[in-house]
């Protein structure tokens, strides 16, 4: 296929259209009206301001007192994370939000270099950059839009993964602990130590687990008021999780909930209590069962990079909460899968499917009975299947 073939030109035109769509919908508001975005950073910033003034950052009333307006979202991270946001609290919010946005943009550029130059090493760098911007409904741009701490979390995680592949388990555990300090769930990646050949892997695992437990529980004794607020807000967040679905939270658990409701509506039957949890556990068991065979084969080949990318996919599929900006974690795994020799002839289609601007093409929230909102999850399952096929095919 020549460089100027109609097929290649058509692909370029489609990708350009995708870029324009997402830039207009996601990126432009950040650049032209930043006050309408960055809502996650806003409540975190004012949480730090409240703490510095002697108030409780976990009380929405105290956030309202220092911000001068009602905060719809509470501060939900462990007490010691307030120290990070206090770095920004020395500035006025109007300035701090730009500093935080610039930091996240730099982290994204750094991640693209780490992924494209050190870890994926397939395809052109410009191709990878475009995919990073558009992949999974522009998950990276959504993160910039919301002001969430996810980009920092991803930078810490992938630095840890980089050292894991180099066999430096001490740095791996350090970066993983730092990445999990905000949202806790990434601590699951310490399980990668079990797949290492290092004789000290169990020592690293137990030590890291002890450090993390101390990080979470010591505030209960040192700052009980903050710890109680953290636990309460965490409970509120878990309860709120019930209403997060579709495009903003395309997780397997959310999908199963919606399928249960849809099944009840179509059949006119009330589903059994906790039916969605039973179905979720069944799906999780199926994913784990199939993945275990693939993991065994990849370990036999000693293909540590593919094993890492595959386990990252499994983590995303099983995570009970997988926000739209959280899909950043799947970008390198996805790009790498598309470049595998077995699927190379389908590579353009695989990558294009991952760059579809799902939110732009959704005519209304209940399009396809609400299932369109789970496009990112369906695509992640497709990439998971590619890894399973690759692992079984040799």
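Where a number appears in this text, it was derived from the coordinates with a stated rule and is not lab data. Please read all numbers here as calculations on a predicted model, not as lab measurements. Please note: Cβ atoms are built from the backbone with ideal geometry, for glycine as well, and neighbour counts cover all protein chains shown.
What are the equivalent ellipsoid semi-axes of the stretch 294-343, built from the alpha-carbon gyration tensor (square roots of five times its eigenvalues), in whole angstrom, biggest first?
The equivalent ellipsoid of the stretch 294-343 has semi-axes of 21, 14, 7 Å.
Calculated FRET efficiency, residue 70 and residue 17, Cβ-Cβ r, R0 35 Å, to nearest 0.05?
0.35
Can you compute the modelled spin-label distance between residue 385 and residue 185, with each label point 7 Å from Cα toward Cβ, in nm?
2.4
Mind sorting 131, 90 by how few other Cβ atoms lie within 10 Å of their own Cβ, fewest first?
Exposure proxy ranking, most exposed first: 90, 131.
Give me the Kirkwood hydrodynamic radius of the stretch 1-138 in Å, from all C-alpha pairs, to one decimal place?
17.8
At a Förster radius of 51 Å, what calculated FRET efficiency corresponds to the Cβ-Cβ distance of residue 289 and residue 61, to the nearest 0.05?
The calculated FRET efficiency here is 0.60.
Order by neighbour count: 327, 55, fewest other Cβ atoms within 10 Å first, most last.
The most exposed by this proxy come first: 55, 327.
At q = 0.11, 0.22 Å⁻¹, work out log10 I(q)/I(0) for the stretch 237-329 with the Debye formula, treating every Cα as an identical point scatterer and leaving solvent out; two decimals please.
-0.41, -1.09
Determine the gain in length on full extension of the stretch residue 296-residue 84; use 0.36 nm per residue of separation and subtract their C-alpha separation, reporting nm with one decimal.
72.3 nm
Whole number please: convex hull volume per residue of the Cα set in the chain, in Å³?
Dividing the Cα hull volume of the chain by its residues yields 162 Å³.
Residue separation times 0.36 nm, minus the C-alpha to C-alpha distance between residue 342 and residue 194: what's the value?
50.4 nm
If r is the Cβ-Cβ distance from residue 103 to residue 211 and R0 is 35 Å, what FRET efficiency results, to the nearest 0.05?
0.85
For the stretch 81-215, what does the convex hull of the Cα positions come to per residue, in cubic angstrom?
116
How much mean residue ellipticity at 222 nm does the chain get from its helices, if each DSSP H run of length 4 or more adds -39500 (n - 2.57) and you divide by all residues, to the nearest 500 deg cm²/dmol?
-21000 deg cm²/dmol
Using alpha carbon centroids, what distance separates the stretch 207-263 and the stretch 39-68, in Å?
Spelled out, the Cα-based centre of one part sits 20 Å from the other.
Among 227-234, 68-75, 270-277, what's the highest-first ranking by average C-beta atoms within 10 angstrom per residue?
Top of the packing list down: 227-234, 68-75, 270-277.
Identify the residues of the stretch 338-353 with backbone N under 18 Å of a label point that sits 7 angstrom from the Cα of residue 10 along the Cα-to-Cβ direction, or state none.
Output list for this probe position: 345-353.
Stretch residue 371-residue 32 to full length: gain in nm at 0.36 nm per residue minus the Cα-Cα span?
118.9 nm
Please report 153, 390 as a ranked list, fewest other C-beta atoms within 10 angstrom at the top and most at the bottom.
Final ranking by Cβ density, sparse to dense: 390, 153.
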